[in-house]
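Notes for the one structure printed next.
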Amino acid sequence: QVQLVESGGGLVQPGGSLRLSCAASGSIFRLYNMGWHRQAPGKQRELVARITFGGNTNYADSVKGRFTISRDNAKNTVYLQMNSLKVEDTAVYYCNAALSGTRPDYSGSYWGQGTQVTVSS
């Protein structure tokens, strides 16, 4: 079994910052790509940022220059530093990880439960 647990969401004013964390635990052999997606009310879930095991990153155009994704492979954790937050960044943020498990049936793509980020004055 594998679990992804997110933390760090909350309410912040426009221009503020938040840092999201997502820790993977359980029967993990190796984590591959990890990423953050978000879903705003009435909209489809969209990719925010992704990072490979080696540290290569890519970002949605809407967050480039404001958000930074990073990971700590020793802790099986991925982070999303969000600066200069805008009202339109309000959404539920989901962590995603592709991994191989200690058993073949544990391998695959996993999602966290989501954490709410609200940007409002």
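Results, tabulated for the structure shown:
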read-out: Whole-number Å³ per residue for the convex hull built on Cα positions in region 19-81; value: 100 Å³
read-out: Net charge contributed by nearby residues that have their C-beta within less than 13 Å of Ser70 (K/R +1, D/E -1); value: +3
read-out: Carbon + sulfur, % of accessible area of region 74-121 - ligands and nucleic acids excluded, 1.4 Å; value: 50 percent
read-out: Solvent exposure of the chain as accessible area per residue, Å², 1.4 Å probe; value: 52 Å²
read-out: The chain - charge dipole about Cα centre, Lys and Arg +1 at Cβ, Asp and Glu -1, debye rounded to 20; value: 140 debye
read-out: Length-normalised contact order of the chain in % [C-alpha pairs under 8 Å, at least 6 apart]; value: 36 percent
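The values are calculated or read from the model by the stated rules, or taken from the named source; none is laboratory data. Being a predicted model, the structure only gives us computed values, none of them experimental. Ideal geometry is used to build each Cβ from the backbone, glycine not excepted, and the neighbour counts take in all protein chains shown. These area figures cover heavy atoms from the full protein model, side chains too; ligands, DNA and RNA do not enter into them. Shrake-Rupley method; radii C 1.70, N 1.55, O 1.52, S 1.80 Å.
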